[in-house]
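Data first, discussion second: the structure below is written as C-alpha coordinates.
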Amino acid sequence: QADIAMYWAKQNGRDNAQMFAEEMACAVTRQFAYEQEIGQGLKQGQFYLVYQPKVFQSPDQITGLEALIRWQHPERGLIPPGDFIPVAEESSVIIPVSEWVIDQALKQLAQWQQAGLDIVPVAINLSGRHLISDALLPYVAEKLKHYQIAGELLEFEITEGVLLQDIHRCIEVMTALKAMNIRISVDDFGTGYSSLSYLKRLPLDILKIDQSFVEECDTYSEDYKICETIIHLATNLDLVTVAEGVETAGQADTLTSLGCQLFQGYHFYKPVSPDKVESLLQQNKLDRACLPQKIQGFQ
Ligand code: C2E
Ligand code: MG
Ligand code: MG
Ligand code: MG
(Lines give C-alpha, C1' and ligand atoms only; values in the text may rest on other atoms or scores of the structure.)
(Ligands and ions follow the chains in the order given, each with its own letter.)
Protein backbone atom coordinates (compact mmCIF):
# COMPACT_ATOMS: atom_id res chain seq x y z
CA GLN A 1 0.00 0.00 0.00
CA ALA A 2 2.94 2.29 0.68
CA ASP A 3 4.19 1.52 -2.83
CA ILE A 4 0.85 2.46 -4.31
CA ALA A 5 0.92 5.69 -2.34
CA MET A 6 4.38 6.54 -3.67
CA TYR A 7 3.28 5.76 -7.20
CA TRP A 8 0.22 7.95 -6.83
CA ALA A 9 2.19 10.80 -5.38
CA LYS A 10 4.66 10.65 -8.27
CA GLN A 11 2.01 10.43 -10.93
CA ASN A 12 -0.36 13.02 -9.60
CA GLY A 13 1.40 15.38 -7.29
CA ARG A 14 0.36 16.34 -3.82
CA ASP A 15 -2.93 17.93 -4.81
CA ASN A 16 -4.33 14.52 -5.36
CA ALA A 17 -3.65 13.34 -1.85
CA GLN A 18 -7.31 13.81 -0.97
CA MET A 19 -8.45 11.70 -3.91
CA PHE A 20 -5.92 9.07 -3.01
CA ALA A 21 -7.17 8.91 0.56
CA GLU A 22 -10.71 8.36 -0.74
CA GLU A 23 -9.55 5.67 -3.13
CA MET A 24 -7.72 3.87 -0.34
CA ALA A 25 -10.69 4.12 1.99
CA CYS A 26 -12.83 2.56 -0.73
CA ALA A 27 -10.40 -0.31 -1.27
CA VAL A 28 -10.21 -0.96 2.45
CA THR A 29 -14.00 -0.96 2.71
CA ARG A 30 -14.28 -3.36 -0.22
CA GLN A 31 -11.69 -5.70 1.29
CA PHE A 32 -13.48 -5.57 4.64
CA ALA A 33 -16.88 -6.24 3.06
CA TYR A 34 -15.47 -9.21 1.14
CA GLU A 35 -13.88 -10.65 4.29
CA GLN A 36 -17.20 -10.30 6.11
CA GLU A 37 -18.95 -12.04 3.26
CA ILE A 38 -16.50 -14.95 3.37
CA GLY A 39 -17.10 -15.40 7.10
CA GLN A 40 -20.84 -15.20 6.53
CA GLY A 41 -20.63 -17.72 3.68
CA LEU A 42 -18.84 -20.16 5.95
CA LYS A 43 -21.60 -19.93 8.56
CA GLN A 44 -24.25 -20.40 5.91
CA GLY A 45 -22.66 -23.46 4.37
CA GLN A 46 -21.87 -21.92 1.00
CA PHE A 47 -18.50 -23.65 0.64
CA TYR A 48 -17.83 -27.18 -0.51
CA LEU A 49 -14.88 -29.33 -1.51
CA VAL A 50 -14.07 -31.08 -4.74
CA TYR A 51 -11.25 -33.60 -5.02
CA GLN A 52 -8.72 -34.02 -7.79
CA PRO A 53 -7.08 -37.46 -7.90
CA LYS A 54 -3.32 -37.86 -8.18
CA VAL A 55 -2.29 -40.98 -10.06
CA PHE A 56 0.62 -43.35 -10.52
CA GLN A 57 1.06 -44.21 -14.22
CA SER A 58 -2.60 -44.77 -15.07
CA PRO A 59 -6.04 -43.44 -14.08
CA ASP A 60 -6.95 -46.64 -12.22
CA GLN A 61 -3.99 -46.21 -9.90
CA ILE A 62 -5.11 -43.36 -7.67
CA THR A 63 -2.52 -42.57 -5.01
CA GLY A 64 -4.11 -39.54 -3.40
CA LEU A 65 -6.63 -36.71 -3.65
CA GLU A 66 -6.22 -32.94 -3.50
CA ALA A 67 -9.06 -31.11 -1.76
CA LEU A 68 -9.97 -27.90 -3.62
CA ILE A 69 -12.41 -25.41 -2.15
CA ARG A 70 -15.40 -23.95 -4.03
CA TRP A 71 -17.79 -21.14 -3.06
CA GLN A 72 -21.37 -21.32 -4.24
CA HIS A 73 -22.37 -17.72 -3.72
CA PRO A 74 -26.14 -17.07 -3.47
CA GLU A 75 -26.04 -14.12 -5.90
CA ARG A 76 -22.75 -14.32 -7.74
CA GLY A 77 -22.78 -18.03 -8.48
CA LEU A 78 -19.71 -20.23 -8.32
CA ILE A 79 -16.60 -18.35 -7.22
CA PRO A 80 -13.22 -20.04 -7.83
CA PRO A 81 -10.61 -20.11 -5.03
CA GLY A 82 -8.29 -17.91 -7.05
CA ASP A 83 -10.80 -15.08 -6.45
CA PHE A 84 -11.42 -15.34 -2.73
CA ILE A 85 -8.48 -17.22 -1.18
CA PRO A 86 -6.07 -14.32 -1.83
CA VAL A 87 -8.61 -11.96 -0.20
CA ALA A 88 -9.05 -14.30 2.76
CA GLU A 89 -5.26 -14.58 3.09
CA GLU A 90 -5.03 -10.83 3.58
CA SER A 91 -6.85 -11.19 6.87
CA SER A 92 -7.38 -13.63 9.69
CA VAL A 93 -10.55 -14.99 8.02
CA ILE A 94 -8.25 -17.45 6.23
CA ILE A 95 -7.94 -19.38 9.51
CA PRO A 96 -11.64 -20.35 9.86
CA VAL A 97 -11.78 -21.07 6.10
CA SER A 98 -8.71 -23.26 6.30
CA GLU A 99 -9.97 -25.00 9.46
CA TRP A 100 -13.26 -25.67 7.71
CA VAL A 101 -11.35 -27.34 4.85
CA ILE A 102 -9.39 -29.54 7.26
CA ASP A 103 -12.50 -30.53 9.19
CA GLN A 104 -14.52 -31.22 6.05
CA ALA A 105 -11.79 -33.29 4.38
CA LEU A 106 -11.15 -35.41 7.49
CA LYS A 107 -14.88 -35.92 8.04
CA GLN A 108 -15.13 -37.09 4.44
CA LEU A 109 -12.19 -39.49 4.84
CA ALA A 110 -13.81 -40.92 7.97
CA GLN A 111 -17.09 -41.44 6.07
CA TRP A 112 -15.33 -43.21 3.21
CA GLN A 113 -13.39 -45.32 5.68
CA GLN A 114 -16.57 -46.30 7.52
CA ALA A 115 -18.15 -47.20 4.19
CA GLY A 116 -15.37 -49.77 3.79
CA LEU A 117 -13.50 -47.97 1.01
CA ASP A 118 -9.76 -48.41 0.55
CA ILE A 119 -8.94 -44.75 1.16
CA VAL A 120 -5.94 -42.75 -0.03
CA PRO A 121 -4.33 -39.63 1.48
CA VAL A 122 -5.99 -36.24 1.05
CA ALA A 123 -3.84 -33.17 0.40
CA ILE A 124 -4.95 -29.79 1.69
CA ASN A 125 -3.59 -26.44 0.51
CA LEU A 126 -2.36 -24.51 3.49
CA SER A 127 -1.90 -20.75 3.61
CA GLY A 128 1.26 -19.36 5.13
CA ARG A 129 -0.67 -17.48 7.77
CA HIS A 130 -2.28 -20.69 8.99
CA LEU A 131 0.93 -22.73 8.80
CA ILE A 132 2.85 -20.40 11.09
CA SER A 133 -0.06 -19.66 13.43
CA ASP A 134 -0.31 -21.23 16.86
CA ALA A 135 -3.74 -22.54 15.92
CA LEU A 136 -2.71 -25.17 13.36
CA LEU A 137 -1.05 -27.95 15.38
CA PRO A 138 -3.64 -28.32 18.15
CA TYR A 139 -6.45 -28.11 15.61
CA VAL A 140 -5.01 -30.82 13.37
CA ALA A 141 -4.16 -33.11 16.29
CA GLU A 142 -7.67 -32.74 17.68
CA LYS A 143 -9.37 -33.42 14.35
CA LEU A 144 -7.24 -36.47 13.52
CA LYS A 145 -8.17 -37.87 16.89
CA HIS A 146 -11.83 -36.94 16.60
CA TYR A 147 -12.26 -38.60 13.20
CA GLN A 148 -9.79 -41.40 14.02
CA ILE A 149 -7.77 -40.77 10.91
CA ALA A 150 -4.06 -41.69 10.73
CA GLY A 151 -1.67 -38.82 10.06
CA GLU A 152 -0.37 -40.71 7.00
CA LEU A 153 -3.70 -39.98 5.34
CA LEU A 154 -3.17 -36.23 5.50
CA GLU A 155 -0.86 -34.11 3.38
CA PHE A 156 -0.33 -30.36 3.40
CA GLU A 157 0.60 -28.49 0.22
CA ILE A 158 2.56 -25.34 0.86
CA THR A 159 3.81 -22.82 -1.69
CA GLU A 160 7.40 -21.65 -1.76
CA GLY A 161 6.67 -18.05 -0.84
CA VAL A 162 5.43 -19.18 2.56
CA LEU A 163 8.59 -21.09 3.29
CA LEU A 164 10.75 -18.02 2.96
CA GLN A 165 8.68 -15.76 5.20
CA ASP A 166 9.60 -17.37 8.48
CA ILE A 167 11.87 -20.35 7.97
CA HIS A 168 12.45 -21.02 11.65
CA ARG A 169 8.77 -21.19 12.45
CA CYS A 170 8.21 -23.34 9.33
CA ILE A 171 10.85 -25.82 10.50
CA GLU A 172 9.23 -25.95 13.93
CA VAL A 173 5.69 -26.52 12.65
CA MET A 174 6.69 -28.96 9.92
CA THR A 175 8.75 -31.01 12.34
CA ALA A 176 5.68 -31.30 14.56
CA LEU A 177 3.52 -32.26 11.54
CA LYS A 178 6.06 -34.94 10.57
CA ALA A 179 5.89 -36.29 14.12
CA MET A 180 2.18 -36.89 13.40
CA ASN A 181 3.19 -38.70 10.15
CA ILE A 182 1.59 -35.98 8.03
CA ARG A 183 3.12 -35.48 4.60
CA ILE A 184 4.34 -32.15 3.34
CA SER A 185 4.64 -31.07 -0.26
CA VAL A 186 5.88 -27.93 -1.96
CA ASP A 187 3.16 -26.68 -4.31
CA ASP A 188 3.80 -24.80 -7.58
CA PHE A 189 7.50 -25.61 -7.30
CA GLY A 190 9.74 -23.39 -9.38
CA THR A 191 7.53 -20.32 -9.50
CA GLY A 192 8.21 -18.70 -6.13
CA TYR A 193 11.23 -16.68 -5.18
CA SER A 194 12.85 -19.87 -4.15
CA SER A 195 16.06 -20.26 -2.36
CA LEU A 196 17.08 -23.87 -2.68
CA SER A 197 18.47 -23.88 0.84
CA TYR A 198 15.01 -24.44 2.30
CA LEU A 199 14.86 -27.81 0.54
CA LYS A 200 17.57 -29.16 2.78
CA ARG A 201 16.35 -27.44 5.93
CA LEU A 202 12.71 -28.51 5.87
CA PRO A 203 11.29 -32.01 6.38
CA LEU A 204 9.62 -32.22 2.96
CA ASP A 205 8.30 -35.30 1.16
CA ILE A 206 7.03 -34.16 -2.22
CA LEU A 207 7.72 -31.53 -4.89
CA LYS A 208 4.85 -30.56 -7.16
CA ILE A 209 6.16 -29.28 -10.49
CA ASP A 210 4.18 -26.19 -11.40
CA GLN A 211 1.83 -26.55 -14.34
CA SER A 212 3.47 -23.65 -16.17
CA PHE A 213 6.51 -25.91 -16.82
CA VAL A 214 4.38 -28.95 -17.60
CA GLU A 215 2.32 -27.14 -20.23
CA GLU A 216 5.00 -27.19 -22.91
CA CYS A 217 7.38 -29.80 -21.51
CA ASP A 218 6.94 -31.95 -24.61
CA THR A 219 7.25 -29.16 -27.17
CA TYR A 220 9.39 -26.40 -25.74
CA SER A 221 12.92 -27.37 -24.89
CA GLU A 222 13.40 -24.86 -22.08
CA ASP A 223 10.41 -26.27 -20.17
CA TYR A 224 11.62 -29.80 -20.88
CA LYS A 225 14.98 -28.94 -19.35
CA ILE A 226 13.37 -27.27 -16.35
CA CYS A 227 11.22 -30.36 -15.69
CA GLU A 228 14.25 -32.58 -16.16
CA THR A 229 16.24 -30.52 -13.67
CA ILE A 230 13.47 -30.37 -11.07
CA ILE A 231 12.98 -34.14 -11.24
CA HIS A 232 16.74 -34.66 -10.95
CA LEU A 233 16.92 -32.38 -7.95
CA ALA A 234 13.94 -34.06 -6.28
CA THR A 235 15.33 -37.54 -6.89
CA ASN A 236 18.71 -36.57 -5.47
CA LEU A 237 17.06 -35.16 -2.38
CA ASP A 238 14.83 -38.22 -1.99
CA LEU A 239 11.65 -36.27 -2.67
CA VAL A 240 8.71 -37.63 -4.64
CA THR A 241 7.74 -35.64 -7.75
CA VAL A 242 4.18 -34.86 -8.79
CA ALA A 243 3.48 -33.08 -12.07
CA GLU A 244 0.51 -30.68 -11.89
CA GLY A 245 -1.71 -29.66 -14.77
CA VAL A 246 -0.97 -32.64 -17.02
CA GLU A 247 -3.41 -32.24 -19.91
CA THR A 248 -2.08 -34.53 -22.64
CA ALA A 249 -0.67 -38.02 -23.09
CA GLY A 250 2.41 -36.43 -24.64
CA GLN A 251 3.14 -34.49 -21.46
CA ALA A 252 2.58 -37.57 -19.29
CA ASP A 253 4.90 -39.68 -21.49
CA THR A 254 7.62 -37.05 -21.50
CA LEU A 255 7.44 -36.61 -17.73
CA THR A 256 7.43 -40.39 -17.19
CA SER A 257 10.58 -40.71 -19.31
CA LEU A 258 12.17 -38.04 -17.12
CA GLY A 259 11.39 -40.06 -13.99
CA CYS A 260 8.40 -38.13 -12.67
CA GLN A 261 6.51 -40.43 -10.30
CA LEU A 262 2.99 -39.08 -9.86
CA PHE A 263 0.58 -37.14 -12.06
CA GLN A 264 -2.32 -34.80 -11.63
CA GLY A 265 -4.26 -32.99 -14.32
CA TYR A 266 -7.20 -32.96 -16.68
CA HIS A 267 -5.62 -35.71 -18.81
CA PHE A 268 -6.35 -38.04 -15.90
CA TYR A 269 -9.07 -36.34 -13.87
CA LYS A 270 -10.63 -32.97 -13.31
CA PRO A 271 -11.56 -32.15 -9.72
CA VAL A 272 -14.63 -34.31 -8.92
CA SER A 273 -17.42 -34.52 -6.36
CA PRO A 274 -17.21 -36.79 -3.29
CA ASP A 275 -19.73 -39.19 -4.89
CA LYS A 276 -17.49 -39.60 -7.89
CA VAL A 277 -14.46 -40.18 -5.64
CA GLU A 278 -16.38 -42.98 -3.98
CA SER A 279 -16.91 -44.83 -7.25
CA LEU A 280 -13.31 -44.19 -8.32
CA LEU A 281 -12.00 -45.64 -5.05
CA GLN A 282 -14.23 -48.68 -5.48
CA GLN A 283 -12.52 -49.37 -8.82
CA ASN A 284 -9.04 -48.38 -7.74
CA LYS A 285 -6.33 -50.88 -8.70
CA LEU A 286 -3.37 -49.25 -7.01
CA ASP A 287 -0.68 -51.68 -5.93
CA ARG A 288 0.95 -49.79 -3.09
CA ALA A 289 4.08 -51.92 -3.25
CA CYS A 290 4.92 -50.20 -6.58
CA LEU A 291 4.94 -46.73 -5.10
CA PRO A 292 8.06 -44.82 -4.07
CA GLN A 293 8.84 -45.94 -0.53
CA LYS A 294 8.41 -42.47 0.87
CA ILE A 295 4.68 -42.51 0.17
CA GLN A 296 3.98 -46.20 0.67
CA GLY A 297 3.29 -46.05 4.35
CA PHE A 298 -0.39 -45.49 4.59
CA GLN A 299 -3.20 -47.85 5.53
P1 C2E B 1 -3.15 -25.40 -6.70
O2 C2E B 1 -3.09 -25.94 -5.32
O3 C2E B 1 -1.89 -25.32 -7.46
O4 C2E B 1 -4.23 -26.32 -7.44
C5 C2E B 1 -4.19 -26.62 -8.79
C6 C2E B 1 -5.18 -25.85 -9.59
O7 C2E B 1 -5.06 -26.22 -10.96
C8 C2E B 1 -6.65 -26.15 -9.24
O9 C2E B 1 -7.40 -24.97 -9.50
C10 C2E B 1 -7.00 -27.24 -10.24
O11 C2E B 1 -8.39 -27.34 -10.49
C12 C2E B 1 -6.26 -26.75 -11.46
N13 C2E B 1 -5.92 -27.83 -12.38
C14 C2E B 1 -5.74 -29.14 -12.10
N15 C2E B 1 -5.40 -29.85 -13.21
C16 C2E B 1 -5.37 -28.96 -14.23
C17 C2E B 1 -5.10 -29.07 -15.63
O18 C2E B 1 -4.81 -30.14 -16.16
N19 C2E B 1 -5.14 -27.93 -16.35
C20 C2E B 1 -5.44 -26.71 -15.79
N21 C2E B 1 -5.46 -25.64 -16.59
N22 C2E B 1 -5.72 -26.58 -14.47
C23 C2E B 1 -5.68 -27.68 -13.70
P24 C2E B 1 -8.42 -24.37 -8.44
O25 C2E B 1 -9.24 -25.47 -7.81
O26 C2E B 1 -9.13 -23.24 -9.11
O27 C2E B 1 -7.47 -23.80 -7.32
C28 C2E B 1 -6.60 -22.73 -7.58
C29 C2E B 1 -5.70 -22.47 -6.41
O30 C2E B 1 -6.46 -22.02 -5.28
C31 C2E B 1 -4.96 -23.71 -5.91
O32 C2E B 1 -3.82 -23.92 -6.70
C33 C2E B 1 -4.64 -23.31 -4.49
O34 C2E B 1 -3.49 -22.50 -4.46
C35 C2E B 1 -5.84 -22.46 -4.11
N36 C2E B 1 -6.77 -23.28 -3.30
C37 C2E B 1 -7.72 -24.15 -3.70
N38 C2E B 1 -8.36 -24.70 -2.65
C39 C2E B 1 -7.78 -24.18 -1.54
C40 C2E B 1 -7.98 -24.34 -0.12
O41 C2E B 1 -8.81 -25.14 0.34
N42 C2E B 1 -7.17 -23.60 0.69
C43 C2E B 1 -6.22 -22.76 0.23
N44 C2E B 1 -5.48 -22.07 1.09
N45 C2E B 1 -6.00 -22.58 -1.09
C46 C2E B 1 -6.77 -23.27 -1.96
MG1 MG C 1 -2.25 -27.47 -4.43
MG1 MG D 1 -0.24 -26.20 -7.55
MG1 MG E 1 -1.11 -23.83 -8.99
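The values are calculated or read from the model by the stated rules, or taken from the named source; none is laboratory data. Here the structure is a predicted model, which is why all the values come from computation and not from measurement. As a convention, Cβ positions derive from the backbone with ideal geometry for all residues, glycine included, and neighbour counts pool all protein chains shown. Areas reflect the complete protein model, heavy atoms only, side chains present, ligands, DNA and RNA absent. Shrake-Rupley method; radii C 1.70, N 1.55, O 1.52, S 1.80 Å.
Some values worked out for this structure:
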{"item": "Residue within the stretch 229-237 that is within 15 Å of ligand 4 (Cβ to nearest atom), more than 18 Å from the chain's Cα centre (by Cα) and crowded, with 20+ Cβ neighbours inside 10 Å present", "result": "yes"}
{"item": "Test for Y147: is it away from ligand 4 (no atom under 16 Å from the Cβ) and open to solvent by 10 Å² or more (accessible area, probe 1.4 Å)", "result": "yes"}
{"item": "Index of the failed condition, G250 passing every other in (1) out of contact with any strand residue (DSSP E or B) (no Cβ under 7 Å at 6 or more places or on another chain); (2) of a type in the set (G, A, S); (3) surrounded by 17 or more Cβ atoms within 10 Å (Cβ to Cβ)", "result": "(3)"}
{"item": "Residue satisfying all of: in the stretch 175-224; open to solvent by 40 Å² or more (accessible area, probe 1.4 Å) and of a type in the set (V, I, T); farthest from ligand 2 (Cβ to nearest atom) among these", "result": "T219"}
{"item": "Of residues in the stretch 52-92 being among the hydroxyl-bearing types (S, T, Y) and out of contact with any Asp or Glu (no Cβ under 7 Å at 6 or more places or on another chain), the one surrounded by the fewest Cβ atoms within 10 Å (Cβ to Cβ)", "result": "S58"}
{"item": "V162 being at pLDDT below 95 and among the β-branched types (V, I, T)", "result": "yes"}
{"item": "Subset of the stretch 93-128 that is open to solvent by less than 50 Å² (accessible area, probe 1.4 Å) and of a type in the set (S, T, N, Q) - its residue that is nearest to ligand 3 (Cβ to nearest atom)", "result": "S127"}
{"item": "Residue match in the stretch 179-191 (condition: away from ligand 3 (no atom under 16 Å from the Cβ) and part of a helix (DSSP H, G or I))", "result": "yes"}
{"item": "2 or more residues touching a helix residue (DSSP H, G or I) at 6+ places or on another chain (Cβ under 6 Å): qualifying strands (runs of 3 or more DSSP E) within the stretch 32-139", "result": "47-55, 62-73, 122-125"}
{"item": "Top-ranked residue of the stretch 225-243 - restricted to ones that are away from ligand 2 (no atom under 16 Å from the Cβ) and hydroxyl-bearing (S, T, Y), ranked as farthest from F189 (Cα to Cα)", "result": "T235"}
{"item": "Filtered residues of the stretch 59-103 (kept if of a type in the set (S, T, N, Q) and at pLDDT 95 or above)", "result": "Q61, T63, Q72, S98"}
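Residues checked against (1) small (G, A, S); (2) touching a strand residue (DSSP E or B) at 6+ places or on another chain (Cβ under 9 Å); (3) at pLDDT 95 or above:
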| site | (1), (2), (3) |
| --- | --- |
| L199 | no, yes, no |
| L202 | no, yes, no |
| L207 | no, yes, yes |
| S221 | yes, no, no |
| T229 | no, no, yes |
| V240 | no, yes, yes |
| A243 | yes, yes, yes |
| T256 | no, yes, yes |
| C260 | no, yes, yes |
